[in-house]
1. Within the group Val159, Val116, which residue is modelled with pLDDT of 95 or more, of a type in the set (Val, Ile, Thr) and not in a strand (DSSP E or B)?
2. Which of the following residues is basic (Lys, Arg), within 14 Å of the chain's Cα centre (by Cα) and away from the ligand (no atom under 11 Å from the Cβ): Arg47, Arg81?
3. Would you tally the residues in the range 1-50 being under 20 Å from Ile101 (Cβ atoms) and among the aromatic types (Phe, Trp, Tyr)?
4. Output the residues belonging to the range 5-44 that are away from the ligand (no atom under 14 Å from the Cβ), closer than 23 Å to Gly253 by Cβ and not in a strand (DSSP E or B).
5. For the subset of the range 119-152 comprising residues that are within 15 Å of the ligand (Cβ to nearest atom) and either assigned to a loop (DSSP other than H, G, I, E, B) or of a type in the set (Asp, Glu) (or both), which member is surrounded by the fewest Cβ atoms within 10 Å (Cβ to Cβ)?
6. The conditions are (1) modelled with pLDDT of 95 or more; (2) in contact with a strand residue (DSSP E or B) (Cβ under 6 Å, 6 or more places away or on another chain); (3) not polar (S, T, N, Q), and Pro200 fails exactly one of them. Which is it?
7. Report the residue count in the range 249-297 for those that are within 30 Å of Ala161 (Cα to Cα) and either outside any strand (DSSP E or B) or within 16 Å of the ligand (Cβ to nearest atom) (or both).
8. Among the numbered conditions (1) surrounded by fewer than 18 Cβ atoms within 10 Å (Cβ to Cβ); (2) within 16 Å of the ligand (Cβ to nearest atom); (3) in a loop (DSSP other than H, G, I, E, B), tell me where Ser98 comes up short.
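The values are calculated or read from the model by the stated rules, or taken from the named source; none is laboratory data. Please read all numbers here as calculations on a predicted model, not as lab measurements. Backbone-built Cβ (ideal geometry, glycine too); neighbour counts: all protein chains shown.
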Amino acid sequence: MKRCVTKAVFPVAGLGTRFLPATKSIPKEILTLVDRPLIQYAIDEARAAGITEFIFVTSRGKSALEDYFDEAPVLEQTLARTGKTALLETLRATNMESGAIAYIRQRQALGLGHAVWCARKLIGDEPFAVILPDDVIAGETGCLKQMVDAYAETGGNMVAAMEVPQDKVSAYGVLDPAGEQGDVLRARGMVEKPAVGAAPSNLAVIGRYILTPAILRNLERMQPGAGGEVQLTDAIADEISAGGDVYGFRFRGTRFDCGSKAGFLQATIAFALARDDLRDELFDFIGDVISMRQAAQ
Ligand code: UTP
């Protein structure tokens, strides 16, 4: 099995209920951190990791995502005519080259595992990455690039892993680690949303994966698991039981859970503070807010 990963699946067919009513008509992945939609961060990270084929698993009501990656002739002409070249470049950088991006539909939101399975024919018989755009990871080197480099050595299947507080484990897929070497650990088990007392560790799986086609075959016969959804974690756990190699990768970077309101707001502040054009004004504002809070106490 080749160890070079050129295809990435972006499951974006979820209902995004935690952001209602916004997500009634806007896909969650179009929500913006400062001025870039979540999906743009995911695409940039994939490109930086060497991905050249982008597979979106979408659903009804997600057409704004398809439009986002398309040309916008009126906008482009207007910016060109008015000499706004920097903005024009920013805009053009979002256009995806023809043929690089494919959209398929998940007819019903039956779970992340089912969404990935929907992409099976486009993935074919080679390793592939999965990126969940609502997990945004800030850092010097993109998380997927770090994983692709590690994967070139290990092969097998790899999931991004991060320690979370023990009382938060039931919000995640959790690894049962065996040996550890550098950033890579071997998993001897994996369980989705365990009860706090039953979790094998506090190493949570974050939304970046490099998977082999064996996982797609496992998904083929997967029954709904935690939350009544077809879980990707269960298909990976089956692979471990069948003797396949599954590794956890401790990435370097700060992960924001942009699928939750608190995480999304934290990411917004962090990304704004990283910008020269916004930092000072935002710091002043935050300083005022803190002073007001202290005065009120
Ligand atoms: P989430 O668990 O965050 O679900 O999915 P969600 O529907 O997006 O949001 P909430 O919980 O209702 O607020 C994690 C990822 O898996 C995708 C989502 O789009 C998201 O990228 N997903 C989930 C699917 O593509 N299909 C599904 O059936 C479920």
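1. Matching residue, one of Val159, Val116: Val116.
2. Arg47
3. Within the range 1-50, residues that are under 20 Å from Ile101 (Cβ atoms) and among the aromatic types (Phe, Trp, Tyr) number 2.
4. The answer is Val5, Thr6, Val34, Asp35, Gln40, Asp44.
5. Step by step, filter the range 119-152, then rank; the result is Asp135.
6. (1)
7. Total meeting the criteria: 24.
8. Only one criterion is unmet by Ser98, namely (2).
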